[in-house]
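Just below is one structure, and these are the notes that go with it.
Computed from the coordinates by the stated procedures, all read-outs in this text should not be read as laboratory data. As the structure is a computational prediction, the values presented were derived from the model and not from experiment. Backbone-built Cβ (ideal geometry, glycine too); neighbour counts: all protein chains shown.
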Amino acid sequence: MSNSNSIFLLLILTLTLLLPTALTLSQPKPIQALLKHLDSKRASPSVQEAAAKAVLKRLLPECYVPSFQFKIVPRDVCGGQSCFLISNYNSSSKNGPEIVIKGTTAVEIASGLYWYLKYWCGAHVSWDKTGGVQIASIPKPGSLPIVKDDGVMIQRPVPWNYYQNVVTSSYSYVWWDWERWEKEIDWMALHGVNLPLAFVGQEAIWQKVFMDFKISKDDLNDFFGGPAFLAWARMGNLHGWGGPLTQSWLDQQLALQKWILSRVLELGMTPVLPSFSGNIPAALKKISPSANITKLGNCDTFNENSPPTNDPTYISLLGTSVYKAMSKGDKDAVWLMQALLHSVPFGKMIVLDLYADVKPIWKNSSHFYGTPYVWCMLHNFGGNIEMYGILDAISSGPIDAPC
């Protein structure tokens, strides 16, 4: 695996609410420079091709691997967009490749693979509770269905497909080991997800930071929530509940995060890391009694919390301060959040319209006044699969939003 510490632009996420998946992003002009920068920092074509091949090996029996050929191509091949291309391999040999899948990233290649398996072979890849992996319909190697004419090219309609939510860390992810995460990352790649959250292991980082400020481990035991409550402790809704966290658990989660980041980077994804928004242990007030400390939420700075004032000047200055802190650590940082602060430089924020399938904000805000935004849907709450859905809004919303 590649070094997870390699230089790469990581979007900085501010906290959201429930569980959005399969989301789309509008594409105004400010995002173009960011897209170009991201492309220049991705893993090499050979690394991405190998990562896509590894997804294939984990999905299908080994005998299918020689039947597919993968290749990374530049955006120019796709008219300047991200895309995948599926075609037949021009050879009469029955032992070599049958299908060629090209893509601008390993995610595009993997989603092209699933597109072929789904629409040409009748296969299905989903979570275990919604069908799981169904590949019995795929013909044997040497007899895979051919693609008509010159093949097919599918362009990504929007730059990013965003996935996950912060509370899922406590509902589900916190109990996962690497084997389960690897399965989920494969699922992401096969379904075209290229903007996933990467929140695992952050407590180990905060521990190091706070201890530099002379905050003891005992004080942090009263600050960090237990595994099932991490999401709400991170948002500042509660502290210490369900804890403390053992050092071995903190270290294990940090090691797991490095594996996760390494894999998603190999696949050409852009992981979204958490940022600091001012949520601190109460012990810091004792250590620095003269510090100006107020009660705030997290980034979203007021997620499930109310601001201490409605003064727009105060809230604007807060946004400016948060972004300055981000950009000081990374001049290319982009703030991803479920809100809009005009104090953040234009083109340096991406907004999550989190409940757009039910209460779309983009319609009443002139598309967030030109700020890039993500059309989101909440298809389940707390991992509960329910019989509901606004099908017309779900089918039309992602199409109407970017217009």
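Put in order of Cβ neighbour count within 10 Å, fewest first, the listed residues Ile31, Ile99, Ile399, Ile394 become Ile399, Ile394, Ile31, Ile99. Mean sequence separation of contacting Cα pairs (under 8 Å, at least six apart), scaled by the length of the range 44-155, corresponds to a relative contact order of 28 percent.
Please compute one quarter of the surface area of the Cα convex hull for the range 44-155 and express it in square nanometres. Present the calculation step by step, with values, prior to reporting the outcome.
Details: hull surface 28.7 nm².
Its average projected convex-hull area is 7.2 nm².
Computed as a quarter of the hull surface, the mean projected area of the alpha carbon convex hull for the range 105-187 stands at 7.6 nm².
Listed by chain and number, the lysines whose C-alpha is less than 18 Å from the C-alpha of Lys217, apart from same-chain residues fewer than 8 away, are Lys208, Lys285, Lys286.
Most simply put, the range 35-153 has about 65% antiparallel DSSP beta bridges, counting only bridges with both residues inside it. Principal axis extents of the C-alpha atoms in the range 42-86 (largest first, rounded to whole Å): 35, 22, 13.
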